[in-house]
Amino acid sequence: QDFTVRAVRQDDLESIAEIESVCFPAAEAASRASFKERIAAFPESFLVAEADGKLIGYINGCATDSPVIYDELFYSTTTKQNGENLTVFGLAVIPEFQRQGVAAQLMKHFVQTAKSLGKRNVILTCKERLISYYERFGYVSNGISKSAHGGTQWFDMTLALDK
(Lines give C-alpha, C1' and ligand atoms only; values in the text may rest on other atoms or scores of the structure.)
Protein backbone atom coordinates (compact mmCIF):
# COMPACT_ATOMS: atom_id res chain seq x y z
CA GLN A 1 0.00 0.00 0.00
CA ASP A 2 1.25 3.43 -0.91
CA PHE A 3 1.04 6.10 1.74
CA THR A 4 2.53 9.50 2.39
CA VAL A 5 3.62 11.23 5.59
CA ARG A 6 2.78 14.92 5.92
CA ALA A 7 2.33 17.66 8.48
CA VAL A 8 -0.98 17.73 10.36
CA ARG A 9 -3.78 20.10 9.31
CA GLN A 10 -6.62 21.42 11.44
CA ASP A 11 -9.15 19.50 9.34
CA ASP A 12 -7.46 16.19 10.25
CA LEU A 13 -8.92 16.42 13.76
CA GLU A 14 -11.92 14.06 13.36
CA SER A 15 -9.85 11.36 11.66
CA ILE A 16 -7.14 11.59 14.32
CA ALA A 17 -9.66 11.29 17.16
CA GLU A 18 -11.16 8.26 15.42
CA ILE A 19 -7.77 6.56 14.98
CA GLU A 20 -7.00 7.20 18.67
CA SER A 21 -10.26 5.59 19.80
CA VAL A 22 -9.61 2.51 17.64
CA CYS A 23 -5.99 2.10 18.77
CA PHE A 24 -6.03 2.89 22.49
CA PRO A 25 -8.16 1.79 25.46
CA ALA A 26 -10.43 4.57 26.71
CA ALA A 27 -8.33 5.16 29.85
CA GLU A 28 -5.25 5.90 27.73
CA ALA A 29 -6.82 7.61 24.72
CA ALA A 30 -6.38 11.33 24.28
CA SER A 31 -9.57 13.32 23.89
CA ARG A 32 -10.68 15.15 20.76
CA ALA A 33 -10.26 18.43 22.67
CA SER A 34 -6.71 17.46 23.60
CA PHE A 35 -5.85 16.76 19.95
CA LYS A 36 -7.39 20.05 18.92
CA GLU A 37 -5.09 21.84 21.38
CA ARG A 38 -2.03 19.86 20.29
CA ILE A 39 -2.62 20.56 16.60
CA ALA A 40 -2.85 24.27 17.41
CA ALA A 41 0.08 24.33 19.86
CA PHE A 42 2.59 21.87 18.33
CA PRO A 43 1.88 21.57 14.59
CA GLU A 44 5.61 21.25 13.88
CA SER A 45 5.76 17.96 15.79
CA PHE A 46 2.51 16.39 14.61
CA LEU A 47 2.68 14.17 11.53
CA VAL A 48 0.06 12.03 9.82
CA ALA A 49 0.18 9.13 7.37
CA GLU A 50 -2.32 9.19 4.53
CA ALA A 51 -3.32 6.56 1.95
CA ASP A 52 -5.79 7.35 -0.85
CA GLY A 53 -6.88 10.55 0.88
CA LYS A 54 -7.63 8.75 4.15
CA LEU A 55 -5.68 9.15 7.38
CA ILE A 56 -4.25 5.82 8.50
CA GLY A 57 -1.96 6.87 11.33
CA TYR A 58 -0.18 9.66 13.17
CA ILE A 59 2.64 10.55 15.54
CA ASN A 60 2.69 13.61 17.76
CA GLY A 61 4.55 15.18 20.65
CA CYS A 62 5.98 18.39 22.04
CA ALA A 63 9.29 19.91 23.09
CA THR A 64 10.32 19.76 26.74
CA ASP A 65 13.41 20.23 28.88
CA SER A 66 12.38 17.26 31.02
CA PRO A 67 14.48 14.13 30.29
CA VAL A 68 11.35 12.00 30.74
CA ILE A 69 7.64 12.33 30.01
CA TYR A 70 5.59 13.26 33.05
CA ASP A 71 1.80 12.99 33.12
CA GLU A 72 1.10 16.74 33.02
CA LEU A 73 2.64 16.88 29.56
CA PHE A 74 -0.28 14.84 28.24
CA TYR A 75 -2.78 17.40 29.48
CA SER A 76 -1.05 20.75 29.12
CA THR A 77 -0.15 22.64 25.98
CA THR A 78 1.68 25.36 27.87
CA THR A 79 4.99 23.49 27.92
CA LYS A 80 8.07 25.08 26.39
CA GLN A 81 8.44 24.94 22.62
CA ASN A 82 12.20 25.24 22.83
CA GLY A 83 13.03 22.34 25.13
CA GLU A 84 15.96 20.16 24.08
CA ASN A 85 13.88 16.96 23.93
CA LEU A 86 11.00 16.07 21.65
CA THR A 87 8.41 13.79 23.20
CA VAL A 88 6.30 11.18 21.47
CA PHE A 89 2.79 11.39 22.96
CA GLY A 90 1.31 8.88 20.60
CA LEU A 91 2.10 6.73 17.60
CA ALA A 92 -0.93 4.99 16.14
CA VAL A 93 -1.81 3.19 12.92
CA ILE A 94 -5.24 1.77 12.13
CA PRO A 95 -5.37 -2.04 12.35
CA GLU A 96 -5.68 -2.76 8.62
CA PHE A 97 -2.44 -0.84 7.93
CA GLN A 98 -0.42 -2.24 10.84
CA ARG A 99 2.72 -4.34 10.18
CA GLN A 100 3.27 -2.58 6.83
CA GLY A 101 5.98 -0.16 7.89
CA VAL A 102 3.67 2.81 8.43
CA ALA A 103 4.63 3.32 12.09
CA ALA A 104 8.32 2.96 11.19
CA GLN A 105 8.02 5.64 8.50
CA LEU A 106 6.16 7.94 10.89
CA MET A 107 8.91 7.44 13.48
CA LYS A 108 11.62 8.03 10.88
CA HIS A 109 10.02 11.32 9.79
CA PHE A 110 9.48 12.33 13.42
CA VAL A 111 13.15 11.75 14.27
CA GLN A 112 14.10 13.79 11.19
CA THR A 113 11.77 16.55 12.43
CA ALA A 114 13.44 16.44 15.85
CA LYS A 115 16.86 16.78 14.23
CA SER A 116 15.75 19.68 12.04
CA LEU A 117 14.35 21.42 15.14
CA GLY A 118 17.77 21.01 16.78
CA LYS A 119 16.61 18.64 19.53
CA ARG A 120 19.06 16.49 21.49
CA ASN A 121 16.78 13.50 22.17
CA VAL A 122 13.43 11.99 21.30
CA ILE A 123 11.75 10.57 24.40
CA LEU A 124 8.71 8.36 24.86
CA THR A 125 7.03 6.01 27.27
CA CYS A 126 5.83 2.59 26.21
CA LYS A 127 4.48 -0.63 27.62
CA GLU A 128 6.97 -3.39 28.40
CA ARG A 129 5.98 -5.46 25.36
CA LEU A 130 6.98 -2.57 23.04
CA ILE A 131 10.47 -1.94 24.45
CA SER A 132 12.13 -4.21 21.87
CA TYR A 133 10.16 -2.53 19.05
CA TYR A 134 11.49 0.92 19.96
CA GLU A 135 14.99 -0.47 20.56
CA ARG A 136 15.08 -1.28 16.83
CA PHE A 137 14.98 2.49 16.17
CA GLY A 138 17.86 3.03 18.59
CA TYR A 139 15.87 3.93 21.71
CA VAL A 140 17.34 2.87 25.04
CA SER A 141 15.15 1.91 28.00
CA ASN A 142 15.64 3.93 31.17
CA GLY A 143 13.49 1.60 33.25
CA ILE A 144 10.06 2.03 34.79
CA SER A 145 8.49 5.44 34.27
CA LYS A 146 6.91 7.57 36.99
CA SER A 147 3.99 8.05 34.61
CA ALA A 148 0.79 6.35 35.72
CA HIS A 149 -1.12 7.47 32.61
CA GLY A 150 -4.22 5.33 32.10
CA GLY A 151 -3.41 3.34 35.24
CA THR A 152 -0.73 1.38 33.38
CA GLN A 153 2.98 0.67 33.95
CA TRP A 154 5.16 2.49 31.42
CA PHE A 155 8.86 2.45 30.59
CA ASP A 156 10.89 5.55 29.74
CA MET A 157 12.76 5.35 26.45
CA THR A 158 15.36 7.79 25.05
CA LEU A 159 16.74 8.14 21.54
CA ALA A 160 19.90 10.30 21.52
CA LEU A 161 20.18 12.29 18.30
CA ASP A 162 23.51 12.77 16.58
CA LYS A 163 23.98 16.41 15.80
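The values are calculated or read from the model by the stated rules, or taken from the named source; none is laboratory data. Only a predicted model underlies this, so the values are computations on that prediction, with no experimental measurement involved. Cβ placement follows ideal geometry from the backbone for every residue including glycine, while neighbour counts extend to all protein chains displayed. Note: areas computed on protein heavy atoms with side chains; ligands, DNA, RNA excluded. Shrake-Rupley method; radii C 1.70, N 1.55, O 1.52, S 1.80 Å.
Need the failing condition index for Ser145 against (1) surrounded by 16 or more Cβ atoms within 10 Å (Cβ to Cβ); (2) at pLDDT 95 or above, just the number.
With (1) surrounded by 16 or more Cβ atoms within 10 Å (Cβ to Cβ); (2) at pLDDT 95 or above applied to Ser145, the lone miss is (2).
Name the residue that is least open to solvent (accessible area, probe 1.4 Å), counting only residues in segment 118-138 that are in a loop (DSSP other than H, G, I, E, B) and touching a Leu at 6+ places or on another chain (Cβ under 7 Å).
Lys119
Out of everything in segment 5-39 that is under 11 Å from Tyr58 (Cα atoms) and outside any helix (DSSP H, G or I), what residue ends up being most open to solvent (accessible area, probe 1.4 Å)?
If we take residues in segment 5-39 being under 11 Å from Tyr58 (Cα atoms) and outside any helix (DSSP H, G or I), then Ala7 is most open to solvent (accessible area, probe 1.4 Å).
Can you name the residue in segment 148-162 that is within 17 Å of Thr87 (Cβ to Cβ) and either of a type in the set (Gly, Ala, Ser) or part of a helix (DSSP H, G or I) (or both) and, of all such residues, is modelled with the highest pLDDT?
Only one residue tops the list, namely Ala160.
Pull up segment 148-163, narrow it to residues that are within 15 Å of the chain's Cα centre (by Cα) and more than 17 Å from Ala27 (Cα to Cα), then point me to the one that is surrounded by the most Cβ atoms within 10 Å (Cβ to Cβ).
Per the stated criteria, the residue is Met157.
Is it the case that Gln105 is polar (S, T, N, Q), out of contact with any strand residue (DSSP E or B) (no Cβ under 7 Å at 6 or more places or on another chain) and at pLDDT 95 or above?
no
Of all residues in segment 45-73, which are at pLDDT 90 or above and part of a helix (DSSP H, G or I)?
Hit for segment 45-73 is Ser45, nothing else.
Here are some conditions: (1) more than 22 Å from Lys146 (Cβ to Cβ); (2) open to solvent by less than 10 Å² (accessible area, probe 1.4 Å); (3) at pLDDT 90 or above. Phe42 meets all but one. Which one does it not meet?
Tallying (1) more than 22 Å from Lys146 (Cβ to Cβ); (2) open to solvent by less than 10 Å² (accessible area, probe 1.4 Å); (3) at pLDDT 90 or above, Phe42 fails exactly one: (3).
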